[in-house]
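*Asks:* Input: one structure, supplied below.
Coordinate-derived values only; no laboratory data. Here the structure is a predicted model, which is why all the values come from computation and not from measurement. Because the Cβ atoms are built from the backbone with ideal geometry, glycine has one as well, and the counts that use them run over all protein chains shown.
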Amino acid sequence: MAERVVVAPVGENMNALYVGMRDYPASRVILLTSESLTKQAELARKELEKFSIPVRIIKLHGNEWESIFEIISKISINESNNELIINTSSGDRNLQCALTSAAFVNGLKAFAVEKGETMLLPILKFSYYKILTDKKLKILKMLYQDKTCCKSLEELSKKIKMSPPLVSYHINGTYKSEGLKSLGLIDVAENNGKIGLTISTLGRLLIKGYIN
């Protein structure tokens, strides 16, 4: 039987965690915390375990945004047979934004808490990860791993051993299939008549979550 798993950050608005439990009661809770807020996470675990709700604590590491994208991607895979929902509001503003974005790109259900009421956020009908084909992923990985690439489409084509028309197709897409540019995963700039390509912030966060 599928379980409902709630993911929530530990932060300055922990009351939002308990408000969310009222409207979205959970079988299990996963708390995301920084090292400095570990004690606060443990207190929340004790409170929830009074009601026989198991709690798992995951510590964020390094860059919070990158860490959240990695963790949410992994949780999404591991909990694919369960109902996963993200409470975005129990952390600070930065964590709220990061978790909302991570839910968005993974196609996950998420809600915010405002003035004691929960508000379900819009849900994408797809996950960014599901529409990353092998060839699109290959392009993103190259731009992510090689910071000097690429000053032209031809340079990228040679590095990944893919024809320029095919590279252009995956970057620009068609009316039937969105490309990396329209998905906001790469930035394109023209310089001296050549098209320069760099991975965007969203693309970097996405690929970081994908390959870790």
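*Asks:* Quickly work out the residue 50-to-residue 38 label distance, labels modelled 7 Å from Cα along the C-beta direction, and quote it in nm with one decimal.
*Replies:* A separation of 2.5 nm, rounded to one decimal place.
*Asks:* Between residue 176 and residue 93, how many nm apart are label points set 7 Å from Cα along the C-beta direction?
*Replies:* Reported label-point gap for residue 176 and residue 93 is 4.6 nm.
*Asks:* Among all cysteines in the chain, which have no other cysteine Cβ under 4.7 Å from their own Cβ?
*Replies:* 97
*Asks:* Please return the longest stretch of the chain lacking exposed loop sites, where chymotrypsin sites (Phe, Trp or Tyr not before Pro) count only if DSSP places them in a loop and at most 14 other Cβ atoms lie within 10 Å.
*Replies:* Free of exposed loop sites, the longest segment is 52-125.
*Asks:* Here's a follow-up. Take every DSSP beta bridge with both residues inside region 1-127 and express the antiparallel ones as a percent of the total, to the nearest 5.
*Replies:* 20 percent
*Asks:* Which distance in Å, rounded to a whole number, links the C-alpha centroids of region 12-76 and region 120-135?
*Replies:* 24 Å
*Asks:* When the helices in the chain are scored as -39500 (n - 2.57) per DSSP H run of 4 or longer and the sum is shared across all residues, what 222 nm value do you end up with, to the nearest 500 deg cm²/dmol?
*Replies:* Rounded to the nearest 500, it is -13000 deg cm²/dmol.
*Asks:* Could you calculate the FRET efficiency of residue 134 with residue 201 from 1/(1 + (r/R0)^6), where r is the beta carbon distance between them and R0 is 22 Å, rounded to 0.05?
*Replies:* In this case the efficiency is close to 0.45.
*Asks:* Say each of residue 148 and residue 187 gets a label point 7 Å from the Cα, pointing the same way as Cα to Cβ; how far apart are those two points in nm?
*Replies:* 2.1 nm
*Asks:* Considering only DSSP beta bridges where both residues belong to the chain, give the percentage that are antiparallel (nearest 5).
*Replies:* 40 percent
*Asks:* Same structure again: Of [x] 1, 7, 15, 17, 16, 12, 10, 8, 7, 4, 2, 1, 0, 0; [y] 1, 7, 13, 15, 16, 17, 16, 10, 4, 1, 0, 0; [z] 1, 7, 14, 18, 19, 17, 13, 7, 3, 1, 0, 0, which one was derived for P(r) over Cα pairs in 5 Å bins from 0, in percent from the structure shown?
*Replies:* Entry [x].
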